Structures are given as C-alpha cells and as structure tokens.
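Trainee: Questions regarding the structure given below will be posed in turn.
Every number in this text was worked out from the coordinates using simple rules, so none of it is lab data. The structure presented is a predicted model; accordingly, all values stated were derived computationally and were not measured. All Cβ positions, glycine included, derive from the backbone under ideal geometry; neighbour counts span all protein chains shown.
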C-alpha cells in the first residue's frame, strides 16, 4: 500500500478525534470516510428506490425498455434525464462499495 504524508491543522485533527472517539487522527479520518461512504450509499439507495417506484421496475429492465424505446414515453426529455441520473447512481454506488472494501 502506498502512503502519503499529510499535515492537518491541529484543530482539524482534534475535531476528527473528538467526533469519532479515535485516539489518532489517521484512524479518525478512516472512520469519517467510512461513515461518509455509508451515508452517501443510503442517499443513493433512496434515490434508486424512487426511480424503481416511478417506473415500476429495476434499472436493468428500464435500460432494456429505454434502449429499445418500446413506448412513446421513452422519447421524452424526462425519460432521458432519468435514465442518465439512474445510471449514474448505479455507477456511483458501485464505486462507493469498492471504496468501502479498501477502507480499514
């Protein structure tokens, strides 16, 4: 594993350890990153569920329908925007899950 040295302001280091209860700033930073990743994953899951409710199907089924443009609804600006956002959420979720695997 490659490491880099980072200097934190004393107040930032104190805040990290106070917020997390960790004794060292590096451990506190890892805890904060893990907590943030879980927080973002929860937000993403809520957004994904909203799309699944809106369209009544998971993304894989919607992607197939959208790519074949089976209905006129698939030609709308809203449908295209939803597709792009939904796909982005799927990608972001995968990246966050990969990142969590690397966090101590």
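Trainee: Which pairs have Cβ atoms under 8 Å, sit 6 or more apart or on different chains, and link a residue in region 1-18 that is free of Cβ contacts under 8 Å to residues at least 60 places away in the same chain to one that is part of a loop (DSSP other than H, G, I, E, B)?
Mentor: Filtered contacts from region 1-18: 16/8; 16/22; 17/23; 17/24.
Trainee: Moving to a separate point now. What pairs can you find where one residue is in region 63-84 and loosely packed, with under 15 Cβ neighbours inside 10 Å, the other is in a helix (DSSP H, G or I), and their Cβ atoms are less than 7 Å apart, with a gap of 6+ or different chains?
Mentor: Sorted first by the residue in region 63-84, then by its partner, the pairs are 69/75; 73/79.
Trainee: Please go through region 1-28 and pick out each residue that is under 23 Å from residue 101 (Cα atoms) and surrounded by 13 or more Cβ atoms within 10 Å (Cβ to Cβ). Quick ask: steps written out before the conclusion?
Mentor: Step one: list which residues in region 1-28 are under 23 Å from residue 101 (Cα atoms), which gives 1-6, 16-17, 19-28.
Hits for region 1-28 are 16, 17, 20, 22, 25, 26, 27, 28.
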